[in-house]
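The values are calculated or read from the model by the stated rules, or taken from the named source; none is laboratory data. Being a predicted model, the structure only gives us computed values, none of them experimental. Methodologically, a virtual Cβ is constructed for each residue, glycine included, from the backbone with ideal geometry; neighbour enumeration extends over all protein chains shown. For accessibility, only protein heavy atoms count, side chains too; no ligands or nucleic acids. Shrake-Rupley method; radii C 1.70, N 1.55, O 1.52, S 1.80 Å.
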Amino acid sequence: MKCRTCGQKAVVNMRQHKLALCKEHYLEWIPEQTERFIGKYHMFSKDEKILVAVSGGKDSLSLWDILNRLGYQADGLYIGLGIDESIDYSKESHRFTIKFADEHQLKLHSVDVEKEYGHSIPVLAELSHRGKGRPCAVCGLTKRHVMNRIARDLGYDVLATGHNLDDEAATLFGNTLIWSGESLVRQSPVLPESDGLARKVKPLCRFYEKEMTAYALLRGIEYIYEECPFSIGSTSIYYKQLLNQLENERPGAKLIFYLKFLEARKQGLFNISEMDKSPLLTKCSSCGQPTSAEGECSFCRMMAKVKIPNQPNDDQ
Ligand code: Q46
Ligand code: ZN
Ligand code: ZN
């Protein structure tokens, strides 16, 4: 197999794109494509301040790498969840993130949930009795709260996450199985800024997970290979496996599923004006973040339940 650009030996063959590339041209192709998606979906411009949520995994570190190579002003935000279980997951992922930031001289904000809010994610989940044995609901709520807080307090225009095509296709599949109109309307490469919440973007949403793995490995990015221990056996992993079976039989199926959804969405398949009537947001009486609830937001109500006042130290 030869590189389409230079004719040298290819190291990556993307059946879904009918494209093979050598290392050098693959490492050029990924950032070029990312730049194209940033423009196509109007994600951000060169003079905006971007906060990249970095977890120490291949996708978020690659995203940070790519944005900086493309000349964007992108700082990192690492959220220490305190998920150490048997593999020191949080400690290790923090170590990889710090190493990457140091080597590339990038600015990293680190927020340790236990230090700032009194308990780690698994303990918060247990104390608040949320999530049926899995801390993911509490984890998601906390991450969203922290990301919005840091973006707002430190003046970032946009929050970028490393979701790839496999993540997006699995979410789309799950939402489609139950025809969750509200979630389908909100699934997009860009969620515009609203009521004090920063714009959210997913610049890698059109790359297959294996394309991102290849990018991280070829670029020499060191990242944590282990997944969060609580992701084992999750529904989203099951959907990813199902979609991979489909992809093996029909290369490109996953991409078509996602892109055709975006196209249908744009053409008005979902009556966005009807479905997107988001509930009126007010300010949380405790932390000031927008909420659809009266009084305190869900995060502050959870914190009240575990009896730790929501007063982070602002030392990022
Ligand atoms: S939600 Fe759940 Fe993830 Fe949090 S507890 Fe782990 S698997 S990290 S994306
Ligand atoms: Zn080449
Ligand atoms: Zn609140």
- [ ] Filter the range 132-142 down to the residues that are in contact (Cβ under 8 Å) with a residue 60 or more places away in the chain and near ligand 1 (Cβ under 7 Å from one of its atoms), then identify the one that is surrounded by the fewest Cβ atoms within 10 Å (Cβ to Cβ).
- [x] Arg134
- [ ] Kindly check whether there is at least one residue in the range 71-93 that is under 22 Å from Pro203 (Cα atoms), in contact with an Asp or Glu (Cβ under 7 Å, 6 or more places away or on another chain) and of a type in the set (A, V, I, L, M, F, W, C).
- [x] no
Open item on the list: Residue pairs, Cβ under 8 Å, 6 or more apart or interchain, first in the range 229-249 and under 22 Å from Pro122 (Cβ atoms) and touching a residue at least 40 places away in the same chain (Cβ under 8 Å), second basic (Lys, Arg) and surrounded by fewer than 15 Cβ atoms within 10 Å (Cβ to Cβ). List them.
Closed with: none
TODO: Filter the range 114-131 for residues that are more than 13 Å from ligand 1 (Cβ to nearest atom) and in contact with a Ser or Thr (Cβ under 8 Å, 6 or more places away or on another chain) and give the result.
DONE: Glu114, Tyr117
TODO: Could you check, for the range 46-58, whether at least one of its residues is open to solvent by 40 Å² or more (accessible area, probe 1.4 Å) and within 16 Å of ligand 1 (Cβ to nearest atom)?
DONE: yes
TODO: Any chance you could count how many residues in the range 159-189 are of a type in the set (D, E, K, R) and open to solvent by 40 Å² or more (accessible area, probe 1.4 Å)?
DONE: 2
Open item on the list: As an exercise: evaluate Phe37 against (1) under 16 Å from the mean Cα position of the chain (by Cα); (2) open to solvent by 10 Å² or more (accessible area, probe 1.4 Å) and give the number of the one condition it does not meet.
Closed with: (2)
TODO: Enumerate the pairs (first residue in the range 31-54 and farther than 24 Å from Asp153 by Cα; second residue anywhere and not in a loop (DSSP other than H, G, I, E, B)) with beta-carbon separation below 6 Å, excluding pairs fewer than 6 apart on the same chain, so at least 6 apart or on different chains.
DONE: Pro31/Ile66; Pro31/Arg69; Thr34/Ile66; Tyr41/Val190
Task: Residue among Phe257, Phe230, Phe261 that is of a type outside the set (D, E, K, R) and at pLDDT below 95 - done: Phe230
- [ ] Take the range 228-243 and flag every residue that is hydrophobic (A, V, I, L, M, F, W, C), open to solvent by 50 Å² or more (accessible area, probe 1.4 Å) and within 9 Å of ligand 1 (Cβ to nearest atom).
- [x] Ile232
Task: Pairs, first within 28 Å of Ser55 (Cα to Cα) in the range 163-184, second basic (Lys, Arg) and not in a helix (DSSP H, G or I), C-beta under 8 Å, six or more apart - done: His163/Lys202; Leu165/Arg206; Glu168/Lys202
